[in-house]
Each structure stands twice: as C-alpha cells, then as structure tokens.
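The values are calculated or read from the model by the stated rules, or taken from the named source; none is laboratory data. Keep in mind that this is a model prediction, so the values were computed, not measured. Every residue, glycine among them, receives a Cβ derived from its backbone with ideal geometry; neighbour counts consider all protein chains shown.
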Amino acid sequence: MIKKRTRRTWTHASLHLAMLAVSFCMLLPFYWVLKTSLTGENIFVYPPSIVPVHPHLFYYIDVWYYIPFPRYLLNSVVVSVLSIAANVVFNALAAYALTRHFRGRGAVITVLLSCMMIPFQTTIVPAYLITAKLGFLDSYLGLALPTFSTIVCIFVYKASFEAVPRSLIDAARIDGLSELQIIRRIMLPLSTSAVATNIVLSFIWSWNNFLWPLIVVRDPLMQTLPLGLSRFLSYHENTTGALYAFCIMVLAPGILLFLMAQKEFIRGLTSGATKG
Amino acid sequence: MHAKFLRILRHRFVAVPLLIGIAVIGWNAYVATHNGGTVRGVVLGPDGRPLAGATVTMMEQNFTTNSDRGKTMTRADGAFEFTDNRSHNIQLRAEKPGVGRSDLVVVRLYFRAQDVTLREPLRVAKHAG
C-alpha cells in the first residue's frame with residue numbers, strides 16, 4: 001500500500017517537473033521580449049542579463065507617440081469586433097443548419113472540411129476582387145470580410161449544438177419558436193463554451209492578420225497593428241527596446257482575452273474533440 | 001436584485017474591462033491636469049554655485065533627429081523655465097560664453113508636455129560634452 005502511494009507520489013512529482021520544464025520553455029521567449037522592452041538591451045549582448053537592468057517604460061511611450069499607435073489600435077479593435085460579431089452569428093447559423101438532416105448534408109460537410117485544407121494565400125486574389133467589386137477596399141468592412149466566418153469555428157458550434165438534447169428543440173418548436181429563436185434562446189445559451197471559443201479564435205485570427213490588411217489597405221490611417229509593426233520596423237533599425245515594446249502592446253489584448261476566457265475556450269475545444 | 005448586480009459586476013468579463021476603463025480614465029485625468037509643458041531646472045557653474053545668464057537650449061528628440069525647440073536664460077538664482085514643451089522626449093544643454101557648457105541631458109517624460117522639474121541640475125564645465 002505504502003509502496004503504491006510512494007510510486008504515485010513519484011509519478012506526480014516527475015509529471016509536474018516535466019510540465020514545469022515545458023512551461024519554462026514556452027514562457028522564456030515571452031519573458032525575454034518583456035525584459036528587452038523594459039531595458040532595450042541588444043539581443044546580441046554577451047553575456048545576456050537574465051534580470052532586467054535599469055528597467056523603464058519609456059520605450060512604450062515612444063511607440064505610443066512616434067507612430068499613430070492609438071489609430072492602429074482603434075482600427076484593430078474595430079476590425080476584431082466586426083469579425084467576432086460576424087463569427088458568433090454566422091457560424092451559429094451555419095452550424096445549426098449542419099445539425100439538421102437534409103439531402104446533401106454529408107457532401108456539404110465534406111466540402112467544408114476540404115476547404116479547411118486550402119490556405120488563404122491561394123484564395124487571396126478572388127477575395128481581393130470580390131472585396132473591390134463590393135467597394136469595401138480601404139474600409140473596416142473590407143478588412144474584416146474574409147474573417148467573417150471560419151470553418152473550424154463552425155465545427156466547434158456544431159459539436160456543441162449536437163450535445164443539446166433533441167427533445168428540448170422539439171419542445172421549443174411545439175411552443176412556437178422559430179428556427180432563429182431556437183438558435184438564440186436555446187442553442188446559444190446552452191453553448192457558452194463554443195461561443196467563448198468562437199470569440200477567442202476569431203479575435204486572435206483577425207488581430208494577428210497581416211497579409212490581408214497589407215493588400216486591402218491603401219490609406220496609412222486604416223492600417224492595423226501588425227501593419228503598423230512592419231511600418232515601425234521600416235522607420236529605424238536600431239530600436240530594439242521600442243520594437244519589443246510594440247510587440248508586447250500588440251500581444252497584450254489577445255493574452256488578456258485568452259486569460260479571461262481560457263476556461264470556456266478549453267472546454268469548447270475539448271467538447272468539440274470528443275463529440276465532433 | 002442587488003446581489004445579482006454585484007454578481008454581474010464581479011464577473012471577470014465585466015470586472016476586468018471596468019478596471020481597465022477606470023485606470024484609463026484616471027490616467028487621462030492626471031495627464032489633462034499635468035500637461036502644461038513646463039520644464040524647470042537649475043544650472044550650476046564650474047564652482048558648483050548657481051549660474052546666472054547662461055543660455056539653456058531645449059531640443060526635441062525624434063527617432064533620428066534632434067530639432068531645436070527653444071532657448072531661455074537662467075535667472076540670478078540659476079533657475080530656468082520653459083513653458084512650451086510639446087514633446088515627451090527632450091534634451092537640454094546649458095552654455096555660457098567664457099564659462100563653458102554642460103553635457104547634453106536627456107529628459108524622458110511619461111506623456112507629451114508633462115510638467116517636470118529636473119532632479120539634477122545642469123552642470124556647466126569648461127570642457128564638458
């Protein structure tokens with residue numbers, strides 16, 4: 001009995017050690033970026049200092065004032081909010097349709113799954129032409145349009161919707177609810193994890209999007225943060241501290257959102273993995 | 001009703017943005033009341049005593065350039081004051097013909113036009129900087 005308990009303790013300890021080592025490897029680059037943003041220490045300095053020497057916040061202030069950072073931030077926020085709203089609504093509609101039985105459902109799912117394998121770069125020319133025809137170039141709508149619906153998020157919703165008991169939907173229908181009302185009043189409130197996953201994923205994808213804004217934006221004041229970062233790099237080469245501060249300022253909202261929604265996010269992804 | 005309101009308020013999706021909002025409003029209120037663009041300081045001569053009649057030059061520092069933003073003279077007590085700073089990153093230098101000049105002092109501010117009084121005086125020396 002004691003031998004068994006000792007073995008279990010050792011297993012737990014080694015597991016935690018392994019997790020600590022992995023966490024260390026994952027967090028070290030973040031720490032290094034943060035440290036450099038506070039000290040401006042050149043990355044080629046040898047030996048590197050592990051602890052920040054004379055840290056200060058002035059590189060963050062430089063970033064805020066030397067480029068139109070507040071404007072880039074506003075652009076990124078508007079585009080991300082549009083993308084999140086569209087993803088939450090459109091993906092729910094698509095996923096609900098896929099939980100219903102209709103002719104060709106299997107084919108639709110197969111086509112959607114196949115489309116996941118096509119990288120966005122290959123469809124960028126038709127996407128640009130469509131956006132131009134719609135007159136959305138150089139606009140928030142044009143920036144957000146390709147991220148309005150993502151197949152992965154549709155399947156996250158679908159897995160969550162399929163877990164809702166059939167009898168509940170039938171009862172709602174008998175009570176006179178339309179299909180849209182069923183989605184809004186039954187499906188979405190019972191799928192908060194899927195909603196959170198949709199929010200986090202669509203936010204991160206639209207927030208980090210670089211290629212599409214690069215192509216669709218002409219006006220410098222319509223640029224988003226990733227474009228601003230590349231513009232910032234082109235200004236001056238010797239800006240290590242300010243550059244890393246910029247990276248932190250771009251990363252911070254995404255990390256904050258993930259930390260707030262991590263429980264729902266992970267639950268949403270794992271429910272998709274087991275029931276999909 | 002009260003308990004429900006408190007529960008909503010304590011939810012992390014409400015509490016975190018609310019706290020960030022309060023911090024942003026507080027910071028902007030502080031900035032609005034401290035952005036007069038005043039830069040004050042003292043110039044000391046080679047003997048360590050306040051230097052009257054020295055010219056203090058203020059330069060605005062950008063990524064690659066330093067542009068002249070104004071000059072002022074020190075008073076009898078060695079004190080000087082600029083009232084029109086619009087930058088967050090300035091450099092100061094004091095100079096008096098026949099006495100010498102000081103090193104270029106970089107003054108970093110937390111926001112544009114922040115009112116500031118230099119902690120260290122500008123020290124004029126014969127062969128400085």
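What to note about this one:
- Restricting the range B:50-105 to residues that are within 12 Å of B:ALA125 (Cα to Cα) and among the charged types (D, E, K, R), the residue that is farthest from the other protein chains (Cβ to nearest Cβ): B:LYS96
- Residue among B:ASP84, B:ASP47 that is in contact (Cβ under 8 Å) with a residue 12 or more places away in the chain, in a loop (DSSP other than H, G, I, E, B) and acidic (Asp, Glu): B:ASP84
- Considering the range A:221-250, the residues that are free of Cβ contacts under 8 Å to residues at least 24 places away in the same chain and part of a helix (DSSP H, G or I) include one that is surrounded by the fewest Cβ atoms within 10 Å (Cβ to Cβ), namely A:SER234.
- Residue count for the range B:72-104 under the criterion of being out of contact with any Phe, Trp or Tyr (no Cβ under 9 Å at 6 or more places or on another chain) and either surrounded by 15 or more Cβ atoms within 10 Å (Cβ to Cβ) or under 22 Å from B:LEU51 (Cβ atoms) (or both): the result is 22.
- Any hit, the range B:15-38, residues being buried (at least 19 other Cβ atoms within 10 Å of the Cβ) and away from every other protein chain (no Cβ under 14 Å): no
- Evaluated against (1) under 30 Å from A:ALA196 (Cβ atoms); (2) within 14 Å of chain B (Cβ to nearest Cβ), A:VAL111 falls short on exactly one condition, (2).
- In the range A:127-140, the condition of being touching a Ser or Thr at 6+ places or on another chain (Cβ under 8 Å), in the same structural domain as A:ILE182 (by TED's automatic domain parsing) and on the phi < 0 side of the Ramachandran plot is met by at least one residue.
The rows are residues; the columns are (1) free of Cβ contacts under 8 Å to residues at least 24 places away in the same chain; (2) in a loop (DSSP other than H, G, I, E, B); (3) outside the structural domain of A:CYS247 (by TED's automatic domain parsing).
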| residue | (1), (2), (3) |
| --- | --- |
| A:LEU20 | yes, no, yes |
| A:PHE24 | yes, no, yes |
| A:LEU27 | yes, no, yes |
| A:TYR31 | yes, no, yes |
| A:LYS35 | yes, no, yes |
| A:ILE50 | yes, yes, yes |
| A:PRO70 | yes, no, no |
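- Options A:THR122, A:THR150: the member that is modelled with pLDDT under 95 and surrounded by 19 or more Cβ atoms within 10 Å (Cβ to Cβ): A:THR150
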